[in-house]
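Quick notes on the structure that follows.
The values are calculated or read from the model by the stated rules, or taken from the named source; none is laboratory data. Here the structure is a predicted model, which means the values were calculated and not measured. FYI the Cβ positions are ideal-geometry reconstructions off the backbone, even for glycines, and counts take in every protein chain you see.
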């Protein structure tokens with residue numbers, strides 16, 4: 001397997017540090033708009049490691065991505081950029097005859113008249129619309145294969161295959177007790193993506209109703225997270241699991257809730273009220289004359305880089321899937337989860353916990369594809385594949401998962 005990794009930010013850099021310990025691929029080209037970031041990711045690896053090459057590419061330039069794929073004979077494009085670049089990279093891979101993997105799907109567009117009741121363009125709709133083209137090409141686009149979505153979807157399929165006879169509800173629940181010293185506001189993941197998923201109308205799925213939306217931060221509930229994290233209030237957030245899980249797993253209801261905290265929610269609401277969540281460029285005056293900038297890009301630029309916060313961060317992050325249903329005629333509830341301690345990831349990999357937890361899952365998936373354990377064509381989510389090999393290999397990577405009976 002020869003891989004083109006596009007994006008050398010926090011997650012992309014963590015990918016290189018995880019992948020360098022595995023033997024399943026022949027070469028990985030690490031590409032970024034900022035060549036110095038790609039070079040730094042490669043330079044940080046063992047000097048004896050020769051399987052990595054740094055390159056520059058603009059993820060929005062379809063032709064340039066195609067040329068890079070062909071120049072390095074890459075058979076997989078691994079998208080580690082933010083969701084704005086999903087479609088140009090997705091289309092470039094198909095045009096170049098390469099397989100594709102991402103961790104976030106094509107962007108949604110709220111319903112123009114009833115945004116908090118009806119769906120407009122849902123997450124991933126643009127990708128699933130090309131499903132037949134990928135199948136006819138004999139290529140695989142594995143979409144939503146990070147931690148959430150990704151591992152959470154694997155948990156859902158595992159629950160359906162091995163733990164339940166009937167499933168009433170699947171609810172992805174994410175929370176942690178991470179804190180960053182020295183900052184009043186320092187998100188542990190891309191603020192651009194966080195704004196996108198938290199301020200868009202959240203998706204909910206019900207078997208008898210299909211997909212619908214609610215208001216941001218709706219249906220608050222307190223969920224008790226394992227391994228000392230404890231109870232955290234979680235709220236509805238737009239996320240890919242809600243549109244992915246029902247395509248392959250029969251469940252009465254599917255939700256995604258995020259433990260954001262009152263302070264974080266208040267700041268997001270303020271950004272929205274000020275228009276600083278907008279992505280459309282506005283004209284601002286500078287010393288060199290007028291310039292067009294996106295308000296959301298400005299927010300991202302003034303906040304600290306999440307990838308650089310590891311030394312100041314402490315605590316744990318938990319990603320998991322809560323499932324309620326029936327097994328052998330009896331009610332059952334379980335929480336399948338993956339907890340990562342920032343102190344451990346910093347010591348072992350030099351990457352902070354959130355980006356490392358996101359990065360390990362697509363690397364595991366790539367190894368399963370390289371070895372033929374996972375195979376398929378078309379546009380497929382993690383639920384389309386057998387879950388047990390993934391969970392076993394994740395444990396073999398030194399990052400075990402857990403299950404708690406509720």
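When each of 150, 171 is tested for being touching a residue at least 60 places away in the same chain (Cβ under 8 Å), buried (at least 21 other Cβ atoms within 10 Å of the Cβ), out of contact with any helix residue (DSSP H, G or I) (no Cβ under 8 Å at 6 or more places or on another chain) and more than 24 Å from residue 303 (Cβ to Cβ), the lone residue that passes is 171.
For region 174-202, the candidate set comprises residues that are more than 16 Å from the chain's Cα centre (by Cα) and assigned to a strand (DSSP E or B); within that set, the residue that is surrounded by the fewest Cβ atoms within 10 Å (Cβ to Cβ) is 179. The set of residues in region 125-173 that are assigned to a loop (DSSP other than H, G, I, E, B) and either more than 23 Å from the chain's Cα centre (by Cα) or over 14 Å from residue 391 (Cα atoms) (or both) comprises 129, 130, 137, 138, 139, 143, 144, 148, 149, 164, 165.
Do we have residue 321 as in the same structural domain as residue 257 (by TED's automatic domain parsing), under 28 Å from residue 131 (Cβ atoms) and in contact with a helix residue (DSSP H, G or I) (Cβ under 8 Å, 6 or more places away or on another chain) here? Answer is yes for this residue. For region 353-396, the set of residues classified as surrounded by fewer than 24 Cβ atoms within 10 Å (Cβ to Cβ), in a loop (DSSP other than H, G, I, E, B) and touching a residue at least 12 places away in the same chain (Cβ under 8 Å) consists of 371, 373, 374, 375, 376, 377, 385, 386, listed by residue number. Considering region 313-347, and only residues there that are closer than 21 Å to residue 397 by Cα and free of Cβ contacts under 8 Å to residues at least 24 places away in the same chain, the residue that is surrounded by the most Cβ atoms within 10 Å (Cβ to Cβ) turns out to be 344. Only one of the listed residues (96, 59, 64, 80) is more than 22 Å from the chain's Cα centre (by Cα) and buried (at least 20 other Cβ atoms within 10 Å of the Cβ). That residue is 96. So, residue 338, is that one within 20 Å of the chain's Cα centre (by Cα) and assigned by TED's automatic domain parsing to the domain that holds residue 163 or not? Yes; evaluated as a whole, the condition is true for this residue. The single condition among (1) buried (at least 21 other Cβ atoms within 10 Å of the Cβ); (2) under 25 Å from residue 114 (Cβ atoms) that residue 209 does not satisfy is (1).
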